[in-house]
Structure formats: structure tokens, C-alpha cells
1. Restricting to region B:50-77, count the residues that are buried (at least 20 other Cβ atoms within 10 Å of the Cβ) and in contact (Cβ under 8 Å) with a residue 40 or more places away in the chain.
2. For the condition more than 20 Å from A:A11 (Cβ to Cβ), in contact with a strand residue (DSSP E or B) (Cβ under 7 Å, 6 or more places away or on another chain) and among the hydrophobic types (A, V, I, L, M, F, W, C), what is the one hit in A:V194, A:V217, A:V233, A:V221?
3. Pick out the one residue from A:A9, A:A90 that is modelled with pLDDT of 95 or more, over 17 Å from the mean Cα position of the chain (by Cα) and surrounded by fewer than 16 Cβ atoms within 10 Å (Cβ to Cβ).
4. Looking at A:I64, A:I79, A:I23, which is the one that is over 27 Å from B:E65 (Cβ atoms), open to solvent by less than 10 Å² (accessible area, probe 1.4 Å) and in contact (Cβ under 8 Å) with a residue 60 or more places away in the chain?
5. Which condition number does B:G82 fail, the rest of (1) open to solvent by 60 Å² or more (accessible area, probe 1.4 Å); (2) at pLDDT 95 or above; (3) part of a loop (DSSP other than H, G, I, E, B) being met?
6. For region A:89-109, which positions are in a helix (DSSP H, G or I), facing another protein chain (nearest Cβ under 8 Å) and among the aliphatic types (A, V, I, L, M)?
7. Read through the list (1) over 20 Å from A:D218 (Cβ atoms); (2) in a loop (DSSP other than H, G, I, E, B), then give the number of the only condition that A:D41 fails.
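The values are calculated or read from the model by the stated rules, or taken from the named source; none is laboratory data. Everything numeric in this text was worked out from a predicted model, so none of it was measured. Don't worry about glycine lacking a Cβ; one is built from the backbone with ideal geometry, like all the others, and counts go over all protein chains shown. For the accessible areas, the whole protein counts, side chains as well, though only heavy atoms, and no ligand, DNA or RNA atoms are used. Shrake-Rupley method; radii C 1.70, N 1.55, O 1.52, S 1.80 Å.
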Amino acid sequence: MDKTLPSLAAAVADIPDGAQIMIGGFGGSGAPIELIHALIDRYRETGSPRDLIVINNNAGNGSIGIAAMIKAGMVAKMICSFPRSSNAEAFNEKYLAGEIELELVPQGTLAERIRAAGAGIPAFYTPTSYGTELAEGKPVEEFDGKMYVQERWLRADIALLKAETGDTMGNLTYRLAARNFNPLMAMAADRTIVQVSTLGEPGTIEPETVVTPGIFVDGLVHVPDPQQEEVLVRTEVVY
Amino acid sequence: MAYTKLSNAQIAWRAAQDIEDGAYVNLGIGFPEMIAKFQPEGRDVTYHTENGVLGFGKAPAPGEEDWDLINAGKKAITLNPGASFFHHADSFAMVRGGHLDLAVLGAYQIAQNGDLANWRVGTKGVPAVGGAMDLVHGAKRVAVITDHVTKDGKPKLVETCTFPLTGLGCVTQVYTSLAVVDIEDGHFVLREKLPDMSFDELQALTGATLHVKDSIGDLIVPDLG
């Protein structure tokens with residue numbers, strides 16, 4: 001079973017307008033910059049995909065990656081916990097102008113909603129956000145004398161992720177703290193596409209070290225020496 | 001007013017003295033991160049960061065940063081021996097599952113019943129919450145470090161929070177620039193105050209009644225420059 005895709009362009013070719021897209025990473029750590037930029041290239045050439053709903057912990061930084069998607073006008077809504085960064089101008093401008101929607105989700109709730117979708121659990125209860133404005137309108141229930149908020153699963157049409165090492169079956173390992181949301185999002189999307197820095201044959205990753213098993217992965221693109229978002233932001237690269 | 005309020009470093013130093021040996025601790029981004037610098041000698045503390053690292057150490061030297069190795073504040077970190085990586089759901093299982101011994105956060109307001117407001121001041125601008133609403137429900141002890149009053153002199157320790165809440169009844173201890181206050185049974189209980197300050201002076205700068213149980217200790221910290 002070879003899940004390798006021929007190019008970045010091929011990897012993002014089928015993403016439709018209005019798609020709900022999970023993008024891996026926390027800040028620059030684990031952000032699939034090359035996949036995001038391939039999606040922007042397609043939008044610039046064809047006007048599609050647009051009206052996207054993007055799920056990520058943040059809402060972009062500087063003028064690259066998710067920030068560049070927002071600047072290009074491809075994003076209708078962000079679902080995130082912390083739309084703030086060293087340079088969040090791209091999101092801030094659109095948000096304050098009323099041109100982009102925001103669903104703010106506490107970080108642990110965001111992670112658990114994604115995990116729940118991946119595990120087929122439609123809703124769960126958490127103490128997080130109980131009694132706050134982020135729980136408004138949500139069902140609450142008492143368990144063993146304490147109040148909890150019901151939160152629903154969060155799924156996506158597509159997940160665009162970054163891993164360090166992959167094999168052609170889609171087994172993945174991650175580099176340092178770049179793991180973050182990537183293994184959760186891999187489980188929660190109808191179609192999971194991953195850029196890997198190293199791609200090997202089945203058997204090149206020790207089974208004991210696999211973090212994301214290949215069953216959660218639909219397509220892989222080999223991107224050796226990927227760009228690091230934080231480095232691009234610090235050198236003020238504009239995409 | 002013969003007293004001098006504590007600097008942020010001195011507040012962080014005081015909070016650090018109460019971190020138990022062997023504790024798993026999450027320090028909120030910004031000011032609370034400073035506490036790690038004052039961890040008392042001989043105490044073994046393991047720091048957790050929400051993005052998925054347990055057992056991180058000091059910041060790397062400039063130029064030595066690896067931007068795949070960061071903390072929740074997106075700052076570069078290093079690893080201590082025995083560190084581990086995990087995904088976000090496991091990271092917040094550590095938080096919400098009650099596995100952390102201590103979380104320390106900043107605050108806009110703390111109410112006498114333990115309610116905390118620390119994520120936004122009003123309805124303007126771009127809201128951002130991060131992991132604060134999770135952290136306040138997860139740790140065995142939830143402490144706040146803060147100036148005792150706002151920049152324009154208004155009390156931050158209040159009867160009822162007026163800013164949007166982060167969590168209800170969640171804070172157990174407050175370390176301020178003037179005092180150490182515990183929250184017990186819906187009351188502020190004064191544990192320590194600056195020795196050069198009278199109780200009445202402190203009460204005047206506090207928006208709810210300070211209760212006294214046992215004696216009031218002196219809040220004495222080193223001159224940290």
C-alpha cells in the first residue's frame with residue numbers, strides 16, 4: 001500500500017471551496033508550510049479553494065503560512081484557541097473589519113474535540129469554561145457534585161499535517177515538540193495529507209516508535225528540508 | 001506609605017518558595033514563567049508546557065534555538081534529562097485529569113470565592129484564551145501571581161469579578177506585590193503582608209474583606225536587584 005503523492009500540487013488539488021481544514025502545528029512547530037503554500041498557489045491560479053474554515057491552535061503569524069492564506073482572502077472562519085502571535089496583523093485586520101469569523105475554543109477543549117471526532121465520540125463533558133462566556137448556550141450537567149460543560153466533536157474534511165519521518169504506508173513520527181496537534185488531526189479528518197521530511201519503505205520505522213499509525217493517513221508528500229514558520233517570520237518573509 | 005511594594009521578580013521568588021520537592025508544575029506564559037528562575041536549591045521540579053513537553057529546562061543560548069522545541073509561549077526551550085514529548089490531548093489529560101500539582105497564572109481580577117478573570121478585559125479587540133480555562137481546573141493547587149492593584153490603583157482582589165471569567169472558584173492562593181493571600185471557604189485569608197505596611201493600609205487596597213486566621217506572617221524577600 002503506497003500512499004505517496006507525486007507533488008505538493010497534487011496533494012492539495014482536490015480540496016473544495018468551503019472545506020473545513022485542520023492544519024497541524026503549534027505556532028511554527030509542526031506547521032506544514034509547504035502544503036499551505038501549495039494551497040495558496042492553487043488559489044492564486046484558479047480562485048479556489050475559498051471560503052475555507054481553518055482549524056489550528058493559532059491564526060497565523062507574519063505573512064506566511066496560515067497568515068498568508070488569510071491575507072489572500074481564502075479563509076472565512078478560524079476555529080482556534082489563541083489568535084495572537086508575534087505578528088497577528090493578517091488575522092487582526094480581517095477580524096476587526098468583520099471579514100473573518102472566529103470560533104474561540106479553550107486549548108484543551110480544542111484538542112479533546114478533535115480527539116473525540118477521531119475516536120467516534122460525538123460529545124463529552126469537561127469542567128473547562130464552565131460559568132464563562134465560552135460556555136454560553138452549551139448544555140451543562142452535574143457529575144459527582146461538580147458542574148461540567150458538554151462539548152461536541154470537531155471533525156474536518158481535510159487535515160494538512162507535518163511529520164518528521166514517514167513510511168509509504170503512512171506510519172509517522174514527529175520531531176521534538178512538533179507533535180502537538182498533528183496526531184490528533186490525523187485521526188479526525190476524512191482525508192489526511194502529511195508532508196514528511198524523510199520518506200522510507202515500510203519497515204524503516206521501528207513499530208515501537210510509530211506515533212501515528214498509517215491507518216489514519218491517506219496521502220504523503222516528501223518535503224526534504226522543510227521551512228520553519230518561526231524562521232520565516234523572524235526573517236520577515238512574505239508569501 | 002513607608003513600604004516598598006515587591007518587584008515582579010520578588011513576587012515570583014516568593015511563589016517559588018512554596019513549590020514542593022517532586023512537583024509537576026505548569027507556569028503560565030509571561031510573568032509566571034519567571035518563577036522557574038527562583039526554584040529553591042535541592043528541589044526537584046518537573047515543568048509541563050501545554051504544547052506537549054514535560055521536563056524542559058532553561059532557554060537555549062541565543063543562536064542555539066531549535067524552533068521545533070518551544071514552550072506554550074512560543075519561546076525556545078531546552079530539555080532536561082528524563083524529558084518527554086506527547087500530543088495535545090495527552091498534554092491536556094495531564095491538566096484536566098488532575099495530574100499537575102501546581103499551575104501558576106497571571107490575573108486581571110481574583111474574587112474572594114476563587115473566581116479568576118485573566119483572559120480578556122472587555123469586549124473589544126481580538127479575544128484569545130489559550131489553555132488558561134483548562135489549567136484552572138486541572139491542577140491540585142491553582143495560584144495567581146499579580147500586582148496587588150491595577151496600574152491605575154484599583155484593587156485586583158475583589159468581591160466579584162467584573163471582567164469576563166476564566167473559571168469559577170478555581171484559585172487557591174494569591175501572591176501579590178504586597179501580600180500572600182489564601183482563598184478558603186469563599187474568603188480571602190491573609191497569610192503574609194509586607195512588614196512595613198499596616199493591615200489597614202493593605203485592606204484599603206483590597207476590594208474585599210481580608211480575614212485573619214492564626215497570625216499574619218511577614219512577607220520578606222531578598223533584594224533581587
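1. Total satisfying the criteria: 5.
2. A:V233
3. Working: A:A90 fails: surrounded by fewer than 16 Cβ atoms within 10 Å (Cβ to Cβ).
From the options A:A9, A:A90, the qualifying one is A:A9.
4. Values: A:I64 fails: over 27 Å from B:E65 (Cβ atoms); A:I23 fails: over 27 Å from B:E65 (Cβ atoms).
Checking each option against the conditions leaves just A:I79.
5. Result: B:G82 passes all but (3).
6. Once the filter is applied, which keeps residues that are in a helix (DSSP H, G or I), facing another protein chain (nearest Cβ under 8 Å) and among the aliphatic types (A, V, I, L, M), region A:89-109 yields only A:L96.
7. The one condition A:D41 does not meet is (2).
Yes or no, residue by residue, for (1) within 28 Å of B:V121 (Cα to Cα); (2) among the β-branched types (V, I, T):
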site	(1), (2)
B:L165	yes, no
B:V174	yes, yes
B:I183	yes, yes
B:R191	no, no
B:D200	no, no
B:A204	yes, no
B:T209	yes, yes
B:D214	no, no
B:L219	no, no
